[in-house]
Structure formats: C-alpha cells, structure tokens
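Chemist: Please find one structure pasted underneath; my questions will follow.
The values are calculated or read from the model by the stated rules, or taken from the named source; none is laboratory data. Owing to the predicted nature of the structure, the values given are computational and were not obtained by experimental measurement. Every residue, glycine as well, gets a Cβ built from its backbone with ideal geometry; the counts of neighbours run over all protein chains shown. The protein model used for the area step is the full one, side chains on, heavy atoms only, and it has no ligands, DNA or RNA in it. Shrake-Rupley method; radii C 1.70, N 1.55, O 1.52, S 1.80 Å.
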Amino acid sequence: MTGIRVALAVLLLGALPMTAPSGALTDEVTMELGKGGVLHVSEKISGAGGEVRRTFLSRTRFDDSFDRLYRISNVKGGTLSGDVLTMKGDGTVTYDVTGAVTQAGGNEELRWFAVGGWDAPVEKATVKVTGPASIQNLSCFAGDLTSAIGCTSASMDHTGSRADFEQQRLNAGQALTVVVGFPKGASGGEPILERRWTLASAFTVDLVTGGALAGLLVLLLGGLGLLWWTRGRDARVVGHEQGAVAAVQDGHFTPPDGVRPGQIGTLIDEQADVIDVTATIVDLAVRGYLRIDEQPRQAYDAPDWLLVRLPNAPVGSLMPYERALYDAIFDGRDTVLLSQLSGSFHAHLGKVRDALYTDVVRQGWFARRPDAVRTRWTTIGVVLCFVGVAATVALAWFTTYGLLGLAVIIAGAAMAVGGQSMPAKTAKGSAALAHTLGFRQYLLTGDLGSVPEQHRVELFSRYLPYAVIFDGVEHWSRVVASVTGNGQEADNLYWYHGPAEWDLSKFAGSMRTFTTTTSGAISSTRQFRSL
C-alpha cells in the first residue's frame, strides 16, 4: 500500500502546473525606438511580493578614450534615484532611454540592457522591440554583463517590424541584452560619449596640442625676453661717461672716485652680500675708524680678532650704511671680539641692507632698489606659476589641453628665475661698473710696478678692501708682503696688529682667515645670501 501511495503522489504532483519559485520575477518588456534615437520602454513586473529595485547600467566602455552613457528619463510607475529604480511591488514602469543607438557599419544599432540589475532573480523575461523601419538583424546575450552566451530565443515576425526575445531564469544582478539593427539613419540617434580621464589623455600630444604649446611658449618666453630687453637690461654708456671707460682701457688704475668697496660689491652683482659687509669692515679699519688686532692662540684654538674702536674717529662723516654697520659692531662698547658678533647682528643688519640698497640708488646707479625689483618680478613669476598650476589642473580635468597649462608654469618659473636679473643699471651705473671691472682686472693681475716702496703699504691698505670684494685678497697680500715684509717682526700695519712673533709675511694667511671667519660670523645670523 505504501508504494501505491507514493506513486499516486508523484502522479498528482506531475499533473499540477509549474509555478515560479518564491520571490522570482516575471518581466515583460516592450520597447519602441523613436525619432532622435529615444527608446520608449515599458516594463510589467509580476511576482515581486514587495519592494524591488533595479540598478540601471548607465555607463560602459566605448573605446580607449571614451565611455558610452545611457540616460534614463521620464520615469513613471517607479522612483529613480541616481541609477536605482524602486518599485513598491507588482506593476508597470515606463521610462525613456537616450544614447542606446549607435552607427555600426551600414546599419543603425540599438543596444540596451532590456532586463537586468534587479535585486531578485527573474524567472522569465520577454522583450518586444519595434522601431521606425524594418529590422535588419538581431541578437541577444544573457547572464553577466560581459557574457557572450545567447538568450533562450530571439526572432522577428514575418514583416520584419518586430523582434521578440525570451530568457528563462536570470539570477539577481544578471542581464538580458538585446541588439537590434535598423537601416542607417532610421532614427537619427547617436551614442552619448564622454571622454574618460587618464593622465595620458589629459596631456595629449598631437599636432594641435603640440603646436599650441610651442606657440604659447614662444609667445610667453618671447614676451619675457622683450620685457628684459626693455626693462632689465643695463643702460648703455653714453655721453661724457664714455670717458671713464676710455680711461680704464688706457690703463687707469684707481677705483671710481669716492666709491667704497661695499658700494662696488652691490654694483657688481646687484646684491648686498656678506662679502660686501666684510670688505666694509676692512675699509673702516684702513680709513682709521677701527683697528683689527689678531689674537694669540694655541695650536688647536679657533682664530679670533679684537675689533677696537679708535678715539676721535670722524664717525659723522660715514655713509648711512657704514654708520649702521659701525654701530652694529660696537653697540655702545669700545672693543668686541669677532667671535662675539656671531648671532648678535640680527637686530641691526636690516638697517645695513636698507641703507646700502638706498645708497646705490642715491648714487644714480639704479633707478630703483635692486632688491625691490627682484622681489617684484620674482613674486609675479611665482604667482604666474600658481596660475599655471591651476590652469593645468583645470585643462587636464576638463579637456585634453593640459600641456598648455605647463607653458604658463614654465613661463612663470622663467620669470621667477629671470627676476634675479631684472635690476637694471642706469648709464651712470654702467659707466661705474666698466671702470670697476677695469680696476679689478689690474688689481688681480698687476703688481706694484713703479710705486715707491715707502708708499706701497699705504697703497696696499687702500686697495685691500676692494681685493676682498674681488676675491683676490690672498694674491694682493702676497704681492705686498714680498716687497715690504722682509720677514721683520716689527712689520705691522697701522690698522692691523698681529700677535707676538708675527710679521707682514704672514699677513696673506691672516687676512684670508679673517675674511672667511668674518663672513661666517655674519652668515650665522641667518642672513647668508643677502643681508
């Protein structure tokens, strides 16, 4: 009996109609391709049993440079948020799709993910497609989005006006993609393409971008060159100032009249450098405002010098930058060790800097302070670099012309660097420089010649600060020591005293060490390059 009951049960089950599994959807889709390539879609959903969601595929890869976009609009019967369509249960939803048509060979191809992206499995899906002309061809794919497996069935009616597709069982998230071909231009639709951002595409190099970059560089850098030619180039020597140059060419062996070493240092490189201050200290000693006493030391002691303020020195006759330096050295005291100056100049050297730059303008060598000119043009260059960076980011993000922004950055960098050369000497300054360069050449290559021996130390002392500026102090010191020192212990200079057993033959080494140590003491005030 038991076997008979089992057999009857199997027969009864076989006679019952098959139903979809619980929670599986049935999706009936009707699509009509209209003019302009707009696809009108109607989906009838049954078997939902509650709220269901479909995530539309709105972007696919088109080629190496572009993505293809599908835009959903005019949704009725459901709620669209972003790419997610929500339905409260069974019902019909309609919407329009733009961008589903592209030209393929001699046909117009409709491609759309007719069913897919549901968060529940689809037990059965049917799709009916009509269009503005007869159907030329059709195909379909089912499964994952990259699947090449055909759908359950695909056919068209005998008139070629409608295509029918069917697919049994799609898992949640899987899709049924239908492809239908129409005659070329049947709907006039075109794909919606959006350039895919990549670093290579943002900085595309082709005839257009390369030509534009070259043209912009020529324009910007040419403009900078023209700007330097008109604003940053030293004025030519004209008129009576040519006589000073002629004097140099004829062997004139003096610095420009009344021009101090610190002024010459600023005139040559257009900067108030540490060496200019060092030379000014030596010049103040030579001219009787202070004395330099080299301190005795043991074998491993660091060298040091005592700077002594001389009484009755006419400090009122000092130039403003010299007075600022003189006051910074002594600061109310009569003597100071050079080692004590290290780190204590910070509060004073700003005045020296301002006074020295102001002085070269007062001399008529520059129309404007060189440091202010450099700062202005360098600041403009830095700002231009930031503009170029912003332009590069914007152009690279939204277009393929990122290279053009690089041209602006290059121009800004060129201006920032070139701004150091923008201070321009006047005709008077150019004449003074020409005179100075002739004097430097003679000082570094000549000797004392026919100067009487009794005057050589005086002449050496007068020109030594200039030798410091020209980085020729050791050469010049050797020349003088060889003709005057004679190895005598009593050989001291009126402005430089050495320790016991010191003579003038040791002066070259002493001065080399003094200038190096002084520059180091000044630079330790964090004013290394420019005061």
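Chemist: Select, from Pro296, Pro303, the only residue that is touching a residue at least 24 places away in the same chain (Cβ under 8 Å), over 13 Å from Ile281 (Cβ atoms) and open to solvent by 70 Å² or more (accessible area, probe 1.4 Å).
Modeler: Details: Pro303 fails: open to solvent by 70 Å² or more (accessible area, probe 1.4 Å).
When all the criteria are applied, what remains is Pro296.
Chemist: With the checklist (1) within 28 Å of Leu217 (Cα to Cα); (2) of a type outside the set (Val, Ile, Thr); (3) open to solvent by less than 20 Å² (accessible area, probe 1.4 Å) in hand, flag the one item Phe366 doesn't pass.
Modeler: With (1) within 28 Å of Leu217 (Cα to Cα); (2) of a type outside the set (Val, Ile, Thr); (3) open to solvent by less than 20 Å² (accessible area, probe 1.4 Å) applied to Phe366, the lone miss is (1).
Chemist: While we're looking at this one, here's another question. Picking from Gly47, Gly82, Gly36, Gly106, which residue would you name as being more than 28 Å from Phe182 (Cβ to Cβ) and loosely packed, with under 15 Cβ neighbours inside 10 Å? Walk me through how you get there before you give the answer.
Modeler: Numbers: Gly47 fails: loosely packed, with under 15 Cβ neighbours inside 10 Å; Gly36 fails: more than 28 Å from Phe182 (Cβ to Cβ); Gly106 fails: more than 28 Å from Phe182 (Cβ to Cβ).
So the residue among Gly47, Gly82, Gly36, Gly106 that is more than 28 Å from Phe182 (Cβ to Cβ) and loosely packed, with under 15 Cβ neighbours inside 10 Å is Gly82.
Chemist: Turning to a different aspect of this structure: So if I check each of Gly429, Gly418, Gly438, which one is open to solvent by less than 40 Å² (accessible area, probe 1.4 Å), touching a His at 6+ places or on another chain (Cβ under 8 Å) and either of a type outside the set (Phe, Trp, Tyr) or assigned to a helix (DSSP H, G or I) (or both)? Explain how you work it out, then say what you get.
Modeler: Working: Gly429 fails: touching a His at 6+ places or on another chain (Cβ under 8 Å); Gly418 fails: touching a His at 6+ places or on another chain (Cβ under 8 Å).
Of Gly429, Gly418, Gly438, the one residue that is open to solvent by less than 40 Å² (accessible area, probe 1.4 Å), touching a His at 6+ places or on another chain (Cβ under 8 Å) and either of a type outside the set (Phe, Trp, Tyr) or assigned to a helix (DSSP H, G or I) (or both) is Gly438.
Chemist: When both residues are 6+ apart or on different chains and their Cβ atoms are under 7 Å apart, which pairs have a first residue that lies in segment 134-156 and is part of a loop (DSSP other than H, G, I, E, B), and a second that is among the aromatic types (Phe, Trp, Tyr) and open to solvent by 50 Å² or more (accessible area, probe 1.4 Å)?
Modeler: These pairs meet every condition: Ser147/Phe141; Ala148/Phe141; Ile149/Phe141; Gly150/Phe141; Cys151/Phe141.
Chemist: Filter segment 15-31 down to residues that are over 54 Å from the mean Cα position of the chain (by Cα) and either closer than 15 Å to Trp112 by Cα or modelled with pLDDT of 90 or more (or both), then give me how many there are.
Modeler: 6
Chemist: Give segment 50-80 a look and list any residue that's out of contact with any strand residue (DSSP E or B) (no Cβ under 9 Å at 6 or more places or on another chain) and within 28 Å of Arg169 (Cβ to Cβ), or say none.
Modeler: Scanning segment 50-80 gives a single hit, Gly50.
Chemist: On to the next question. Search segment 179-188 for residues being in a strand (DSSP E or B) and over 50 Å from the mean Cα position of the chain (by Cα), and hand back the single one that is nearest to Leu145 (Cα to Cα).
Modeler: Of all residues in segment 179-188, those in a strand (DSSP E or B) come to 179-183.
Right, trim to over 50 Å from the mean Cα position of the chain (by Cα) and you get 180-183.
Working: Val180: 17, Gly181: 20, Phe182: 23, Pro183: 26 Å.
So, considering only residues that are in a strand (DSSP E or B) and over 50 Å from the mean Cα position of the chain (by Cα), the one nearest to Leu145 (Cα to Cα) is Val180.
Chemist: Another question about this same structure. Considering segment 509-531 alone, what residues qualify as being at pLDDT below 80 and either in contact with an Asp or Glu (Cβ under 9 Å, 6 or more places away or on another chain) or over 24 Å from Gly343 (Cβ atoms) (or both)?
Modeler: Result: Arg529, Ser530, Leu531.
Chemist: Moving on to the next point. When residues of segment 369-387 are filtered for being open to solvent by 40 Å² or more (accessible area, probe 1.4 Å) and not charged (D, E, K, R), how many remain? So that I can check it myself, show each step before the final result.
Modeler: Quick first cut of segment 369-387, residues open to solvent by 40 Å² or more (accessible area, probe 1.4 Å) only: 369, 372, 375-376, 379-380, 382-384, 386-387.
Retained after the next criterion (residues that are not charged (D, E, K, R)): 372, 375, 379-380, 382-384, 386-387.
Residues meeting the conditions: 9.
Chemist: Also: Kindly indicate which of Ala186, Ala172 is open to solvent by 50 Å² or more (accessible area, probe 1.4 Å), among the hydrophobic types (A, V, I, L, M, F, W, C) and either in contact with a strand residue (DSSP E or B) (Cβ under 8 Å, 6 or more places away or on another chain) or touching a residue at least 12 places away in the same chain (Cβ under 8 Å) (or both).
Modeler: Numbers: Ala186 fails: open to solvent by 50 Å² or more (accessible area, probe 1.4 Å).
Of Ala186, Ala172, the one residue that is open to solvent by 50 Å² or more (accessible area, probe 1.4 Å), among the hydrophobic types (A, V, I, L, M, F, W, C) and either in contact with a strand residue (DSSP E or B) (Cβ under 8 Å, 6 or more places away or on another chain) or touching a residue at least 12 places away in the same chain (Cβ under 8 Å) (or both) is Ala172.
Chemist: Pick from Ala396, Ala391: which is open to solvent by less than 40 Å² (accessible area, probe 1.4 Å), on the phi < 0 side of the Ramachandran plot, assigned to a helix (DSSP H, G or I) and at pLDDT 90 or above? Even if it seems obvious, please write down each step before you answer.
Modeler: Numbers: Ala396 fails: at pLDDT 90 or above.
It is Ala391.
Chemist: In addition: Note down all Cβ pairs under 8 Å where the first residue falls in segment 102-128 and is under 28 Å from Gly185 (Cα atoms), the second is among the hydroxyl-bearing types (Ser, Thr, Tyr) and open to solvent by 40 Å² or more (accessible area, probe 1.4 Å), and they're at least six residues apart or on different chains.
Modeler: Short answer, once both residue conditions are applied: Val127/Thr30; Lys128/Thr30.
Chemist: Considering only residues that are in a loop (DSSP other than H, G, I, E, B), modelled with pLDDT of 80 or more and open to solvent by 80 Å² or more (accessible area, probe 1.4 Å), look in segment 189-218 and name the one that is nearest to Ala413 (Cα to Cα).
Modeler: Looking at the filtered set, the residue picked out is Val205.
Each row is one residue, and each column tells you yes or no for (1) β-branched (Val, Ile, Thr); (2) in contact with a strand residue (DSSP E or B) (Cβ under 8 Å, 6 or more places away or on another chain); (3) farther than 30 Å from Asp206 by Cβ.
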{"site": "Gln298", "(1), (2), (3)": "no, no, yes"}
{"site": "Pro311", "(1), (2), (3)": "no, no, yes"}
{"site": "Val361", "(1), (2), (3)": "yes, no, yes"}
{"site": "Thr375", "(1), (2), (3)": "yes, no, yes"}
{"site": "Ala396", "(1), (2), (3)": "no, no, no"}
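Chemist: Taking Ile292 as meeting all but one of (1) part of a helix (DSSP H, G or I); (2) closer than 30 Å to Ala500 by Cβ, write down the number of the exception.
Modeler: Only one criterion is unmet by Ile292, namely (1).
Chemist: Which of the numbered conditions does Leu221 fail, given that it passes all the others? Conditions: (1) surrounded by 18 or more Cβ atoms within 10 Å (Cβ to Cβ); (2) outside any loop (DSSP other than H, G, I, E, B).
Modeler: That leaves (1) as the condition not met.
Chemist: Condition check: aliphatic (A, V, I, L, M) and crowded, with 19+ Cβ neighbours inside 10 Å. Does Leu310 satisfy that? Explain how you work it out, then say what you get.
Modeler: Values: aliphatic (A, V, I, L, M): yes; crowded, with 19+ Cβ neighbours inside 10 Å: no.
So Leu310 does not fit the description; no.
Chemist: Within segment 255-293, restricting attention to residues that are in contact with a His (Cβ under 8 Å, 6 or more places away or on another chain) and closer than 24 Å to Pro311 by Cα, which residue is surrounded by the fewest Cβ atoms within 10 Å (Cβ to Cβ)? Talk me through it step by step, then tell me what you get.
Modeler: Just the residues of segment 255-293 that are in contact with a His (Cβ under 8 Å, 6 or more places away or on another chain), to begin with: 255-256, 291-293.
Right, trim to closer than 24 Å to Pro311 by Cα and you get 291-293.
Numbers: Arg291: 19, Ile292: 23, Asp293: 17.
Going through the qualifying residues, I end up with Asp293.
Chemist: Could you go through segment 468-486 and let me know if any residue there is within 26 Å of Gln363 (Cβ to Cβ), surrounded by fewer than 14 Cβ atoms within 10 Å (Cβ to Cβ) and modelled with pLDDT of 80 or more. Full working, then the answer.
Modeler: Keep residues of segment 468-486 that are within 26 Å of Gln363 (Cβ to Cβ), which gives 468-473, 476.
Then drop every residue that is not surrounded by fewer than 14 Cβ atoms within 10 Å (Cβ to Cβ), which leaves 471.
Imposing the further condition that a residue be modelled with pLDDT of 80 or more reduces the set to 471.
Looking through segment 468-486, at least one residue is within 26 Å of Gln363 (Cβ to Cβ), surrounded by fewer than 14 Cβ atoms within 10 Å (Cβ to Cβ) and modelled with pLDDT of 80 or more.
Chemist: Is it the case that segment 117-135 has a residue that's of a type in the set (Ser, Thr, Tyr) and open to solvent by 40 Å² or more (accessible area, probe 1.4 Å)? Steps first, answer last, please.
Modeler: Pass one, segment 117-135, residues of a type in the set (Ser, Thr, Tyr): 126, 130, 134.
Narrowing further to those that are open to solvent by 40 Å² or more (accessible area, probe 1.4 Å): 130, 134.
Yes, segment 117-135 has at least one match.
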